[in-house]
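Undergrad: Got a structure for you, written out below as structure tokens; questions coming shortly.
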Amino acid sequence: MNTQLLQQASVLGIDEQIELVEAIWDGIVSRGAAPPLTDAQKTELDHRLADHLVNPNDVVSWSEVKAAALAKIRQ
């Protein structure tokens with residue numbers, strides 16, 4: 001790992017670090033390089049999809065989840 005890059009990232013604020021991680025992950029995904037799912041992850045996704053099909057209105061938007069997570073970090 002490039003420790004110089006890690007040191008540069010460590011001086012960023014929390015919001016900027018999260019944006020950086022999201023940008024890096026988006027770049028990985030756009031290249032099709034996402035790691036394969038484990039059997040446990042596949043099972044969990046199947047469970048969540050089944051639950052969503054039964055309760056389609058029981059959802060929280062990404063913006064709400066992100067805002068709540070950021071608020072908790074700042075506490």
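Rule-based calculations on the coordinates, nothing more; no lab input. Source: prediction; values computed, not measured. Positions of Cβ are generated from backbone atoms using ideal geometry, with glycine treated the same way; all protein chains shown enter the neighbour counts.
Undergrad: Between [x] 59, 17, 8; [y] 48, 32, 20; [z] 71, 33, 23, which matches Cα extents along the principal axes in Å calculated for the structure shown?
TA: [y]
Undergrad: How far, in nm, would the chain grow between ILE18 and VAL59 when pulled straight, counting 0.36 nm per residue and subtracting the alpha carbon separation?
TA: 12.5 nm
Undergrad: Moving on to the next point. If you fit an axis through the alpha-carbon atoms of helix 14-30 and take the longest principal axis of the Cα set of the chain, what angle between them do you get, 0 to 90°, nearest 10?
TA: 70 degrees
Undergrad: Continuing with this model, one more query. Convert each backbone phi in region 41-54 into a coupling constant with the Karplus relation 6.51 cos²θ - 1.76 cosθ + 1.60 (shift: θ = phi - 60°), then list the ³J(HN,Hα) values in order as whole Hz, x for Gly and Pro.
TA: Residue by residue, region 41-54 yields 5, 4, 4, 5, 5, 4, 4, 5, 5, 4, 5, 5, 5, 7 Hz.
Undergrad: Name the most mobile residue of ALA34, ALA23, ALA50, meaning the one with the largest mean-square fluctuation, in a Gaussian network model of the chain with Cα contacts below 10 Å.
TA: Comparing ALA34, ALA23, ALA50 in a Gaussian network model of the chain, the most mobile one is ALA50.
Undergrad: Spin-label point model (7 Å from Cα, Cβ direction): what's the LEU49 to VAL11 distance in nm?
TA: Result: 4.6 nm between the two label points.
Undergrad: Can I ask one more? For LEU70 and ALA40 in one chain, what is 0.36 nm times their gap in residues minus the Cα-Cα distance, to one decimal in nm?
TA: 8.0 nm
Undergrad: If Lys and Arg each add +1 and Asp and Glu each add -1, what is the summed charge of the other residues whose beta carbon sits under 15 Å from the beta carbon of ASP15?
TA: 0
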